[in-house]
Amino acid sequence: MRALRELYWANLSEFLSNKRALGLTIAFPVLFIVIFGLVFTNQDKQEARIGLVIEDTGPVGEQLAGKLEALPKEDVPKPSAVASSTTDSDRNPLSSLVFRRGEKTALLDDLNNARLDAVIVLPSNLSAVLLAGGDLPNPAPQAEVELHIDPARQTLIPFMEGVLTPVLRGVEAEVTEEPQILTLKRFNTNARELRTIDYLLPGILAMSIMQLGLFATAQPLIALRVGGVLKRLGATPLRRSTLLVAYVALRLTVALLQTAIIIAIGTLLFKVAIVGSWLALAGWLFLGTLVFLAIGFFMAAVAKNEESAIAAANVINLPMLLLSGVFFPINHLPMVVEKFLIPLIPLNYLADALRHVMVDATPLHSMQTNLLALLAWIVVMTALAVRFFRWEESR
Amino acid sequence: MNKPAIEVADLVKIYGELRAVDGISFAVDPGQVFGLLGPNGAGKSTTVEMIEGLRKPDGGSITLLGVDVVRQPQRVKELIGVQLQSTAFFKQLSARRLLRLFGSFFKKSLPPDQLIAWVNLEEKADAPSAALSGGQRQRLAIAIALVNDPQVVFLDEPTTGLDPQARRSLWDVIRRLRAEGKTVLLTTHYLEEAEQLCDRLVIIDHGRIIASGTADGLIHEHFERASVEFFNEPKLTHERLASLPGADKVEEANGRMTLYSGDVAHTTRALLSLADELGVAPRGLSVHSATLEDVFLKLTGKHLRE
């Protein structure tokens, strides 16, 4: 255990002094996400565009709609507890709401095409139920206000629910004594149009992991071999497995760190939503790290020296990035490339899986191809690395 | 007599067509500094690395402190200290850190500070190892080799590439190893180093031992002759010199005469008497006895460093 800890530390200090590795695994991806984030989130307006469908022909529908539409204009005095906890307390938080009335089908279509952020439907039985007074049958019928929203809008959902509920209760209290007749029901829309940044983030995650394997795995190991450090370690009772575990453990830590940084920037700065489970995301990231570590070990096994490993990594890196759809969807490629080359690129499977998990929570069983492809890469590359790896320079 | 610390018998290592080590046998007594001498590519390092358990021999047996190295290389590694030819360590780590790292590989290890003091590296104890000079790096390599307080220490060409001052300082370290009772197996292609440090030595060429013994013993065994040199003096002619007692050969080159003799004391006395009679003084007179270099030259027909 002590040997493992000391070796881990040794690897860490070597990694931290390796500017190329640091740059390509952490600085470069962070720069990417920030630049792309800034470029592509400008087109996303700050306001929340709400479609309003009034199916109720009675007075309550119009009354409710009026109240909602008045929200952005009000100078709402906020409860002091809330005011003290926010910095821009002088601003009405509801001023970002923009309402647009219309037909249900048209507005839902707009929502599906990302021209709206949410749609509120005031049901046709609204006035009838609320104005029925005490003549209601038991159990009392309910009027269901619909909120159609993308489940990925994780900040908008509680916001909208928080805004709507008091308004509904207020109107309810004005027209009837029966409590809780109005209910709010959420409907998920799935056909969300991806923002560019939503599409990019998983790709950049995959890229950063690939670069960990390509640029921070092979070269340092070759340096240890060429410098005779591996041979010197071989003259001690240290087991090779311990050495390997320390080497891999450090890189898993780096992978964890880089993905955490990238995800944090994406979600906090650019509001990228992660729809799928964190566990699934972590699982794919782990798998992807193993794939590219295995490729790194393979490169370390076959490359003659550090320079040729770096050159090889550069040669592999760029086509992988271009052909993997990390930065743009891969369409309009020549048939030959699309049919034979694309399926060979491991980055595709990783980026694709990450994108699915983050964007629409695709369950694992529908990503079997990705899983198998990545596992195959791990097995093949590990086998080749084991077959060709040398612990010292040949004589 | 003690059981040998290292005993090697009929050691063979074959690389493809090349018999890199071709039937080497020797024994090293405990507490000795034992030298493996030979030109580059003679098979010294291969031999040493087989004894260290780093390479598997293709034939022969190795016993180290009673352990069969061929069958139990892992057990041997616990017992020995190793300094390999031209080892770079983790470049960013300091001497202190490296000693902790290597110490963690062994069941027992000495404190880094003690080892650093032992090789006089206190000033550079916390500098990254990449910033050390060649001599300091070799001293660090020796400190690391001592981290498990081994009985047997292997030093593979420790002074190669060092300037004379650094070399001498490293010799002191090796002498202190001997004083502490360590058994040292030293390979070198510096004959002076072997003469200075080694209790016993073997000369290896083409994977075979071509001579063994002490440095003095080898010189005496192969050279009874010594040579007398002086600047050319016309009256001291070739014929007169050749007739001096003991002189068996006279050479003239670069303005100097060289007189080879099997009895250098007699020859020198006769030479000086002759010069007196002729009323001349042989300028630049010097007497040379043979060195290991001469032994090597005689045995292999080539110089050690070529």
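The values are calculated or read from the model by the stated rules, or taken from the named source; none is laboratory data. Only a predicted model underlies this, so the values are computations on that prediction, with no experimental measurement involved. Every residue, glycine as well, gets a Cβ built from its backbone with ideal geometry; the counts of neighbours run over all protein chains shown. Ligands, DNA and RNA are stripped out before the accessible areas are found, and what is left, the full protein with its side chains, is counted by its heavy atoms. Shrake-Rupley method; radii C 1.70, N 1.55, O 1.52, S 1.80 Å.
Residues of the range A:2-20 being farther than 14 Å from A:Pro237 by Cβ, facing chain B (nearest Cβ under 9 Å) and among the aliphatic types (A, V, I, L, M), which ones?
Of everything in the range A:2-20, those that are farther than 14 Å from A:Pro237 by Cβ, facing chain B (nearest Cβ under 9 Å) and among the aliphatic types (A, V, I, L, M) turn out to be A:Ala10, A:Leu16.
Out of all the residues in the range B:109-148, which are open to solvent by 60 Å² or more (accessible area, probe 1.4 Å) and either within 14 Å of another protein chain (Cβ to nearest Cβ) or assigned to a loop (DSSP other than H, G, I, E, B) (or both)?
Within the range B:109-148, the first condition is being open to solvent by 60 Å² or more (accessible area, probe 1.4 Å), and the residues that meet it are B:111, B:113-114, B:120, B:122-124, B:126, B:131, B:137.
Once the filter is applied, which keeps residues that are open to solvent by 60 Å² or more (accessible area, probe 1.4 Å) and either within 14 Å of another protein chain (Cβ to nearest Cβ) or assigned to a loop (DSSP other than H, G, I, E, B) (or both), the range B:109-148 yields B:Pro111, B:Asn120, B:Asp126, B:Ala131, B:Arg137.
Among the residues of the range B:59-91, write down those that are more than 22 Å from B:Asp149 (Cβ to Cβ) and open to solvent by 10 Å² or more (accessible area, probe 1.4 Å).
Listed by number, the residues that qualify are B:Gly59, B:Gly60, B:Ser61, B:Asp68, B:Val70, B:Arg71, B:Gln85, B:Ser86, B:Ala88, B:Lys91.
Restricting to the range B:1-58, what's the tally of residues that are polar (S, T, N, Q) and surrounded by 19 or more Cβ atoms within 10 Å (Cβ to Cβ)?
Filtering the range B:1-58 down to residues polar (S, T, N, Q) leaves B:2, B:25, B:32, B:40, B:45-47.
From what's left, surrounded by 19 or more Cβ atoms within 10 Å (Cβ to Cβ): B:32, B:45-47.
Final tally of qualifying residues: 4.
Hey, among the residues in the range A:101-111 that are buried (at least 16 other Cβ atoms within 10 Å of the Cβ) and either under 32 Å from the mean Cα position of the chain (by Cα) or modelled with pLDDT under 80 (or both), which one's farthest from A:Val163 (Cα to Cα)? Please lay out each step first, then the result.
Quick first cut of the range A:101-111, residues buried (at least 16 other Cβ atoms within 10 Å of the Cβ) only: A:102, A:107-111.
Those left that are additionally either under 32 Å from the mean Cα position of the chain (by Cα) or modelled with pLDDT under 80 (or both): A:107-111.
Working: A:Leu107: 20, A:Leu108: 20, A:Asp109: 23, A:Asp110: 22, A:Leu111: 19 Å.
The qualifying residue farthest from A:Val163 (Cα to Cα) is A:Asp109.
So which of A:Gly213, A:Gly228 ends up being in the same structural domain as A:Gly266 (by TED's automatic domain parsing) and modelled with pLDDT under 90? Reasoning before the result, please.
Working: A:Gly213 fails: modelled with pLDDT under 90.
Residue meeting the stated conditions: A:Gly228.
State whether one or more residues within the range B:59-68 are assigned to a loop (DSSP other than H, G, I, E, B) and within 12 Å of chain A (Cβ to nearest Cβ).
Filtering the range B:59-68 for residues assigned to a loop (DSSP other than H, G, I, E, B) gives B:65-66.
If we keep only those that are within 12 Å of chain A (Cβ to nearest Cβ) as well, we get none.
No: zero hits.
Here is a yes/no grid of residues against (1) at pLDDT below 90; (2) touching a strand residue (DSSP E or B) at 6+ places or on another chain (Cβ under 8 Å); (3) at negative phi:
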| position | (1), (2), (3) |
| --- | --- |
| B:Pro30 | no, yes, yes |
| B:Leu36 | no, yes, yes |
| B:Asp58 | no, yes, yes |
| B:Ile62 | no, yes, yes |
| B:Arg71 | no, no, yes |
| B:Ile80 | no, yes, yes |
| B:Gln85 | yes, yes, yes |
| B:Phe89 | yes, no, yes |
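Going through the range A:55-90 one residue at a time, which ones are outside any helix (DSSP H, G or I) and at pLDDT 55 or above?
Hits for the range A:55-90 are A:Glu55, A:Asp56, A:Thr57, A:Gly58, A:Glu74, A:Asp75.
Of everything in the range B:69-108, what is more than 10 Å from chain A (Cβ to nearest Cβ) and part of a loop (DSSP other than H, G, I, E, B)? Give them in sequence order. It would help to see each step written out before you state the result.
Narrowing the range B:69-108 to residues more than 10 Å from chain A (Cβ to nearest Cβ): B:69-72, B:95-96, B:99, B:108.
If the condition is that a residue be more than 10 Å from chain A (Cβ to nearest Cβ) and part of a loop (DSSP other than H, G, I, E, B), then B:Val69, B:Val70, B:Arg71, B:Gln72, B:Lys108 are the ones that fit.
Filter the range A:254-275 down to residues that are open to solvent by 20 Å² or more (accessible area, probe 1.4 Å) and either free of Cβ contacts under 8 Å to residues at least 60 places away in the same chain or of a type in the set (Phe, Trp, Tyr) (or both), then give me how many there are. Give the derivation first.
Restricting attention to the range A:254-275, the residues satisfying the condition of being open to solvent by 20 Å² or more (accessible area, probe 1.4 Å) are A:256-257, A:260-261, A:264-265, A:267-269, A:271, A:275.
From what's left, either free of Cβ contacts under 8 Å to residues at least 60 places away in the same chain or of a type in the set (Phe, Trp, Tyr) (or both): A:256, A:260, A:264, A:267-268.
So the count comes out to 5.
Among the strands (runs of 3 or more DSSP E) lying completely within the range B:225-265, list those that include at least 1 residues that are of a type in the set (Phe, Trp, Tyr) and at pLDDT 80 or above.
Working: elements: B:226-231, B:247-253, B:256-261.
Correct list: B:226-231, B:256-261.
If you scan the range B:9-39, which residues turn out to be out of contact with any Asp or Glu (no Cβ under 7 Å at 6 or more places or on another chain) and either among the aliphatic types (A, V, I, L, M) or within 12 Å of chain A (Cβ to nearest Cβ) (or both)?
B:Ala9, B:Leu11, B:Tyr15, B:Gly16, B:Leu18, B:Ala20, B:Val21, B:Ile24, B:Val28, B:Leu36, B:Leu37
Name every residue in the range A:227-244 that is of a type outside the set (Gly, Ala, Ser), within 14 Å of chain B (Cβ to nearest Cβ) and more than 24 Å from B:Val152 (Cα to Cα), in order of residue number. Give the steps one after another, and end with the answer.
From the range A:227-244, those of a type outside the set (Gly, Ala, Ser) are A:229-233, A:236-240, A:242-244; that's our starting set.
Now narrow it down to the ones that are within 14 Å of chain B (Cβ to nearest Cβ): A:229-233, A:236-240, A:242-243.
Matches in the range A:227-244: A:Thr242, A:Leu243.
In the range B:12-49, which residues are hydrophobic (A, V, I, L, M, F, W, C) and outside any strand (DSSP E or B)? Steps first, please.
So the first thing to find is which residues in the range B:12-49 are hydrophobic (A, V, I, L, M, F, W, C), and the list is B:12, B:14, B:18, B:20-21, B:24, B:26-28, B:33-34, B:36-37, B:42, B:48.
Across the range B:12-49, the qualifying residues are B:Ala42, B:Val48.
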